[in-house]
Structure formats: C-alpha cells, structure tokens
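The structure appears right after this line, and notes come after that.
Values in this text are rule-based calculations from the coordinates and carry no lab data. Worth saying up front: this structure is predicted, and the values here are computed from it rather than measured. As a convention, Cβ positions derive from the backbone with ideal geometry for all residues, glycine included, and neighbour counts pool all protein chains shown.
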Amino acid sequence: MRKLILQFIVLFIPFLMWSQQDAQYTQYMYNMSVINPAYTTDNIGVISIGGLHRSQWAGIVGAPKSSNLFAHTPINNNVEIGLTLINDNVGDVVKENNFFVDVAYKLDLEENGNLSFGIKTGITLFDVNFNGFALESGDVFTDPDFDTNINQSFFNFGAGAYYNTNNYYIGLSIPNILKSKHLDRNNGKYQGTEQAHIFLTGGYVVELNNLFKLKPAFMAKSVKGSPITLDITANMLYNNKVEFGIGYRIKDAFSGMINFSVSPEFRIGYAYDHTISNLGPFNSGSHELIVLYDLFILKPTNGFDKSPRFF
C-alpha cells in the first residue's frame, strides 16, 4: 500500500503544488547549454553536440525520465547559436516536450576572460493522457477531478549570463521565465503551474600536475514554493582522457560519475545517484548517461583546451 501511495504522489506532484519541475541533472557541468543560453565556447568551426538521458528513481513504477539533445556553435568571435530539445516523461501519462533556440553574445575581456549574455526562446508541448491509467493493483483510476486529458502548448523564453576564464566559470540563468498554468480544476483545488527556475552554476580547475586536474563545481536551483537544491561535485581528470568524481545533492542523494574520452571529438559518461531522502527505501537509485561529440566544420585548432566544458 505504501508503494501505491508513493506512486500516486510521484505522478501528481507536478499538479498538486509549486515544486521543482525542471529536470534534475547530475552531470550538469556537461549539460550547461540546456540550463543557460549564455553558455559559450571559443571553438569557432566546431559544432558541439550532446545528448543526455536520465532515469529517475529506478524501481518505482511511473518514475520520471528525461532526455535532451543539444547543439551549439559560434558563428563568429562574438555570437554563438544553439538548439535544445528536451523530453520529460512521467509514467507515460505526463509528457512534456520543449523546443528552444539559443543566441548568446560574448564579450572578450582579453586577459580577464569572457562574459556572455544569452536568450532562449521556444515552445513547450504539454500532454497528459489518463486513458486507461491504472495503479499497480490493476484498478482503473477514476477520480472525476482528473478525468479530462490535457493537450496544450506554451510559448516561453529564458535568459542567462555566463563568465569564464581558462580556470573557472560562473553562470546565472532562468531558462523559462514565463509562468504556465497546466491545470486548474475543482474551483482551484488542484492547480498545476510551472514556475520560473533560477540556476546558479560555477566550477574551477586546479592543475595538480601534468596528468591530474581537480575540477570542483556546483549547481544551485531555486523555484518558488520549494527549498533550494544544491549540487556539489568534485571530479578528477586524468591525462585529459578519463574523468571520475563524486557528488552530493543536499538532503537528496550521493552521486558517482565517470566519463571517457574515446577520441578528441567523442566523450561518453555515466552517473549514478543513491537516494538518501525519504524516497530512498522505494527505489534503487537514478541513472544518467551522456554523450558529447564535437563536429569539426573547419580545420581543428586548440579548441578543446579552451572550452570550459573540458578546461
């Protein structure tokens, strides 16, 4: 019975309260363009492409899953453009697809690094289908307050700022500024409103020797009606080939991650979260896979050393 109740809460939490709604990422340091449109690189002639899939709370029926694809490239020394596709799925009942275009303008501060400002704009397709929805017991869910499917689209835009040097970066962003109401039923008893999320990210590289680099980083996320989420990670990079690290999400999870540079252009990584919150007894953790690829459209330079993603 406790598991059934938990599944019900997990499924309907986006509707019942203002809460953390944007997907959570453990490998956020490689997924920066999704949360901050101002993220830029110095890799002119290179299209940076990436994909991430996250399965949250494995073992819970109907647990959230999130996937995204992103690509970005500088078109000159000051302007970078990008595209982001995000799919969030909760139990094949709640589905959300986001399509965004990013534009960033970078100021070269010479020996003081780079400062960039970015905007993103696009559309969100929100779909809820209760047809045939049943709890684990097989009973069909018939609550009259949720007997109508939802199929809506919303325009949204976001903004961000990003500063980096060869050794560190810091970014502040709001990917979705406009508030979107998904649900308002039973005279306001059940309301689902997507609030703006504020992200603060930062990272620093410490070169220990010719082979090892230590890369601590953090991500803080804030949204109205929910406590601040804080991720703290520490990754070790060996010979620019293998990276491994640990992380801690305050009062939520411990994480382990590893990624490999298969070639100068291709990198693949995996992260595992062990849940320590009150959901811990009901799941076997979360899994996250990321793939990064740099497509050269011009002759390669030393761009890999200059990108904050690799330091």
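Points to keep in mind about this one:
- When the C-alpha to C-alpha distance is required to be over 23 Å, the pairs from Lys179/Lys224; Lys213/Lys241; Lys65/Lys221; Lys106/Lys179; Lys95/Lys120; Lys65/Lys213 that qualify are Lys106/Lys179; Lys65/Lys213.
- Label separation (Ser55 vs Lys241): 3.0 nm, computed from points 7 Å beyond Cα along the C-beta direction.
- Exposure proxy shown here: for Ser286, Ser33, the number of other Cβ atoms within 10 Å sets the order, fewest to most, as Ser286, Ser33.
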